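Since every read-out is calculated from the coordinates, none of them should be taken as a lab result. Note that the coordinates shown come from a computational prediction; the quantities given were computed from them, not determined experimentally. As a convention, Cβ positions derive from the backbone with ideal geometry for all residues, glycine included, and neighbour counts pool all protein chains shown.
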Amino acid sequence: MVENELSFLVKKTPQLIGKPHKEIEQHYLSDGDEPLRLRRAGGTFELTKKLTLDGADLSRKEEITIPLERDEYFMLLPLAKRGLTKTRYYLRLDDGHMAELDVFKGPLEGLSMVEVEFADEAARAAFVPPAWFGRDVSQEAWSSNASLAGKSWYDVRGLAAGRAARTKRNK
């Protein structure tokens, strides 16, 4: 499956009481820009590899996912090098798109990001972010969950504020 999404920081968190959500744990079994991800989302377990399609565009990736049984997940978990936890809220936007708002927990508490996935390039180009969305960080390598895993809010707050933000292209 090809993932075609935009990612934003959150300027102002919308009302979340009563909104559908999932608790998510993500662990990474390898290092580098495209690590192997182990995820538990609610009662679902999976192993995922994301592959960048074009180094000049970090927002489009090929995603290969293998469903796991609970026991398989826990057998692989000790191999994890780093991880993160978050609550993901599902919010229908006025234009009909589904936004996935991630509110990070633990060491990354204080960071919230929202993603919107698009069916095609026309929908993506026409998208107008709601007022509660902050800066578009789709092309900022630090903002991927793989990059955030194992870090704290203290580690990334300067990047989130826009200071010294680096994209993959200008490294």
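Estimated from the Cβ-Cβ distance and a Förster radius of 41 angstrom, the FRET efficiency linking Ala131 and Met75 is about 0.35. Placing unit charges on each Cβ (+1 for Lys and Arg, -1 for Asp and Glu) gives the chain a dipole about its Cα centre, and among Val114, Tyr73, Gly42 the Cα reaching farthest toward its positive end belongs to Val114. The packing ranking of peptides 11-19, 79-87, highest mean first, is 79-87, 11-19, where packing means the average number of other beta carbon atoms within 10 angstrom of each residue.
Model label sites at Leu16 and Trp153, defined 7 Å from Cα along the beta-carbon direction, differ in position by 1.1 nm.
Put simply, the amide H of Arg135, placed in the peptide plane, has neighbours under 5 Å in Leu9, leaving out anything fewer than 5 places away on its chain.
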